[in-house]
1. For the range 304-327, check the following and say yes or no: at least one residue is crowded, with 19+ Cβ neighbours inside 10 Å, farther than 30 Å from H175 by Cα and touching a Cys at 6+ places or on another chain (Cβ under 6 Å).
2. It is to be established whether one or more residues within the range 26-42 are over 18 Å from C109 (Cβ atoms), touching a residue at least 12 places away in the same chain (Cβ under 8 Å) and part of a strand (DSSP E or B).
3. Between G220, G227, G169, which is touching a Pro at 6+ places or on another chain (Cβ under 7 Å) and among the small types (G, A, S)?
4. Give M259, M225 a once-over and let me know the one that is within 28 Å of Q129 (Cα to Cα), open to solvent by 10 Å² or more (accessible area, probe 1.4 Å), not basic (K, R) and not in a loop (DSSP other than H, G, I, E, B).
5. Would you point out the residue of the range 262-282, among those that are open to solvent by 40 Å² or more (accessible area, probe 1.4 Å) and of a type in the set (F, W, Y), that is farthest from L222 (Cα to Cα)?
6. Among the residues of the range 48-64, which ones are in a loop (DSSP other than H, G, I, E, B) and either touching a helix residue (DSSP H, G or I) at 6+ places or on another chain (Cβ under 7 Å) or at pLDDT 95 or above (or both)?
7. Of the residues in the range 94-125, how many are outside any loop (DSSP other than H, G, I, E, B) and either free of Cβ contacts under 8 Å to residues at least 60 places away in the same chain or aromatic (F, W, Y) (or both)?
8. Just for strands (runs of 3 or more DSSP E) wholly inside the range 158-219: which have at least 2 residues that are open to solvent by less than 10 Å² (accessible area, probe 1.4 Å)?
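The values are calculated or read from the model by the stated rules, or taken from the named source; none is laboratory data. If you're wondering where the values come from, they're calculated on a predicted model, not measured in any experiment. Every residue, glycine among them, receives a Cβ derived from its backbone with ideal geometry; neighbour counts consider all protein chains shown. In case anyone asks, the SASA skips ligands and DNA or RNA and just uses the protein heavy atoms, side chains included. Shrake-Rupley method; radii C 1.70, N 1.55, O 1.52, S 1.80 Å.
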Amino acid sequence: MKNQQQPHLAIIPSVPVWATAGKLCFDRKFYDGMLSYCEQWPGTISCLIPLATTPMGNFGNICINPSELPFRCTILHQTEKVTAAHLKGADIVLAGGDDERQLHLAELCQKAQIPCVYIIEYIPETRYQIMAMSTTNPVRRLRRQFHVWQQERRRVKAFRLSAGLQSNGTPAFNHYAQSTNRLLYFDTRVATEQMISEQALNQRLAYLAESKPLRLAFSGRLIRMKGADHLVKLALRLKQQEVPFLFTIYGSGDLDHEMRDFICQNQLEQQVILAGAVDFYNELLPALQHSADLFICLHRQSDPSCTYLETLACGVPIIGYNNQAFSGLLEQSTIGWGTDMDNINGVARTIAHLHRQRDEIAERAKQAVCFARQHDFQTTFKARIDHLRALT
């Protein structure tokens, strides 16, 4: 290591930054993560970040004057690749393994004798799932399948040359088992002090004993990959089965109008509320902690969404499709119930059963909090920092 007392960490994210009116606009979640690195890394930090080609939306961003950033920031313009010159002075590099533009970094770092650690979330299955749902033309789909296959070969080679791998979720951790110095973590933005208190959990669980309608919730992008179209279809099944419920759906996306039309056509206005996108800390967390009995997560792909751990931190058990990410969580702890992929009737039957057996909801709500406390933001982030420090 070049500087044992003040090691320099170079972070290369795949999420872009947007420049406007003399300021840099970052994704809020990414920026908060950078602040955490600055607080906990025992040296200096720089960020090599791509410039967005189109303006970023206003929701979930933060705009900062470059002179006020607590880290050095280098902007990569459009097709600009990271070179050896960019990495000069770095003692360790943290790169995005999901970003094919960064797969050359392991070889670059190896030549410069700099440890390169990748973060990985997606497995090939997830990439093929996303590609299949977004591509209807069979010829174009075949070409994209071949591209995914090619890039995966590059990814495996890069991981073989890297110094370590931080895997978000069990699917990636298990799939890339041949990589060295692996770390499993579960992404979350929720700190210990932001989790539901025992008193608040007990107050919410007391509602279950009153036999009132079950309060269902979902939060996320309203797109097919997240199963948003199945949410309203599930609501209709529950209404037909005369299961009393109130379903609040938080988020926005391409399916917003389609879902509203479905709700109107099937007279679900009294049971389903489309609440739109809300602030995560000030609105979503309090709502889940105080007004949700079950979280419905019908994700069609196996990506390790932070939704899982953030929902568990609210003491809300999850009913979801058994994609690899959710089934992997269920193997870790009994924090919910899984059903076969696209089995809306199976989800409806599970909810109908839980309406009659509400003690099962209460038990798994407690398990959810217990698991989330073992993987809160502070614990998870410290483990990742320690992993990097051990490799410098």
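1. Within the range 304-327, none of the residues are crowded, with 19+ Cβ neighbours inside 10 Å, farther than 30 Å from H175 by Cα and touching a Cys at 6+ places or on another chain (Cβ under 6 Å).
2. Yes, the range 26-42 contains at least one residue that is over 18 Å from C109 (Cβ atoms), touching a residue at least 12 places away in the same chain (Cβ under 8 Å) and part of a strand (DSSP E or B).
3. Only one candidate passes the filter, namely G169.
4. From the options M259, M225, the qualifying one is M225.
5. Across the range 262-282, the extreme among qualifying residues is Y281.
6. The answer is G60, and nothing else.
7. Selection size over the range 94-125: 13.
8. Output list reads 164-168, 214-219.
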